[in-house]
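Novice: A single structure is presented below for examination.
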Amino acid sequence: FDPRVPPRSLHEDCTRLRPMTQPRPSSTVIVLREATDGFEVLLGRRPRGHAFGGAWVFPGGVVDPEDHERQLTGIDAPDAAWRAAALREVAEEVGIFITDPAVSSPSVLEGRAVHDYVRSAGAAWRHDRLAYLSNWVTPEGLPKRFDTRFFLAVIESEALGPISAELEVVEWMSPEVALHRYEIDEIELILPTIAHLRMLLPFTSADEADRFARSQDHVDPVQPRIVHRDGKVDIEIP
């Protein structure tokens, strides 16, 4: 796997490796929708000065304390906190509430307020619509490390709601278009995003990708590692 040169900030972090730090549990959601020709994925650009600033990413973030409260989230599953975080982050960042019945918010909600809003609306999270796809762990030695579970979510008629300040702009684009725009330096992508977009390339529909994710008996963690070659820092996937 050759992801080209990682973002400058990552190179700077790699040149001053830290002692072992525990990765923070996190969730990321690859939101898909069917399109006239194949399917599209939702990507948003992080503002400069934020984590992964300037890069186009999938919605996601760390698992917060409220995501562990099953009485609050209403999610009963072995990985309930990760699923609660995934659903909350999609609602926070792009205003998509994956619930039954469908709900929407006229303003940006954050943290516990997202779960409270769903409950007050008489709705429930549809965590079953999240298909667990992969688990990526940040390389050892970096100052910020994440143990991230990637989920697929196929949506139909849900419209985007208010966009949070964590994203400057969001766009639907096919995996092929996103990777092409990256190759011609039109957009910035980080390694996990590139890897997952490439993973989606063989599928002809969002439902086909969803079926693949659900067919997996086991998901092994992927932990890239930092390597030094000829005085240069690079990242490789075992």
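The values are calculated or read from the model by the stated rules, or taken from the named source; none is laboratory data. Values in this document were obtained by computation on a predicted structure and should not be read as measured data. Reconstructed Cβ throughout: ideal geometry from the backbone, glycine too, with neighbour counts over all protein chains shown. Areas reflect the complete protein model, heavy atoms only, side chains present, ligands, DNA and RNA absent. Shrake-Rupley method; radii C 1.70, N 1.55, O 1.52, S 1.80 Å.
Novice: Conditions first: (1) under 19 Å from Val57 (Cβ atoms); (2) at pLDDT 95 or above. Phe203 passes all but one, so which condition is the exception?
Specialist: (1)
Novice: Just the residues that are in a loop (DSSP other than H, G, I, E, B) and either open to solvent by 50 Å² or more (accessible area, probe 1.4 Å) or small (Gly, Ala, Ser) (or both), please, taken from segment 144-157. Before you say what the answer is, go through the steps one by one.
Specialist: From segment 144-157, those in a loop (DSSP other than H, G, I, E, B) are 144-145, 155-157; that's our starting set.
Passing the criteria: Lys144, Glu156, Ser157.
Novice: I'd like to check something: does segment 209-223 contain any residue that is of a type in the set (D, E, K, R), open to solvent by less than 60 Å² (accessible area, probe 1.4 Å) and at pLDDT 95 or above?
Specialist: Going through segment 209-223, the residues of a type in the set (D, E, K, R) turn out to be 210-211, 214, 217, 220.
Then keep just the ones that are open to solvent by less than 60 Å² (accessible area, probe 1.4 Å); that gives 210.
From what's left, at pLDDT 95 or above: 210.
Scanning segment 209-223, I find at least one residue that is of a type in the set (D, E, K, R), open to solvent by less than 60 Å² (accessible area, probe 1.4 Å) and at pLDDT 95 or above, so the answer is yes.
Novice: Hey, another quick one. Considering only segment 109-125, I want to know if a residue exists there that is under 13 Å from Leu42 (Cα atoms) and surrounded by 16 or more Cβ atoms within 10 Å (Cβ to Cβ).
Specialist: Scanning segment 109-125 turns up no residue that is under 13 Å from Leu42 (Cα atoms) and surrounded by 16 or more Cβ atoms within 10 Å (Cβ to Cβ).
Novice: Now for a different question. Restricted to segment 171-199, and to residues that are under 21 Å from Phe151 (Cα atoms), charged (D, E, K, R) and in contact (Cβ under 8 Å) with a residue 24 or more places away in the chain, which residue is least open to solvent (accessible area, probe 1.4 Å)?
Specialist: Glu171
Novice: Check Leu179, Leu167 and return the single one that is assigned to a loop (DSSP other than H, G, I, E, B), among the aliphatic types (A, V, I, L, M) and closer than 16 Å to Trp56 by Cα.
Specialist: Details: Leu179 fails: assigned to a loop (DSSP other than H, G, I, E, B).
Unique residue meeting the criteria: Leu167.
Novice: Give me the pairs: first residue in segment 200-212 and assigned to a loop (DSSP other than H, G, I, E, B), second residue open to solvent by less than 60 Å² (accessible area, probe 1.4 Å) and not polar (S, T, N, Q), beta-carbon distance under 6 Å, and six or more apart or on different chains, which are they?
Specialist: Leu201/Pro175; Phe203/Ala209; Ser205/Phe39
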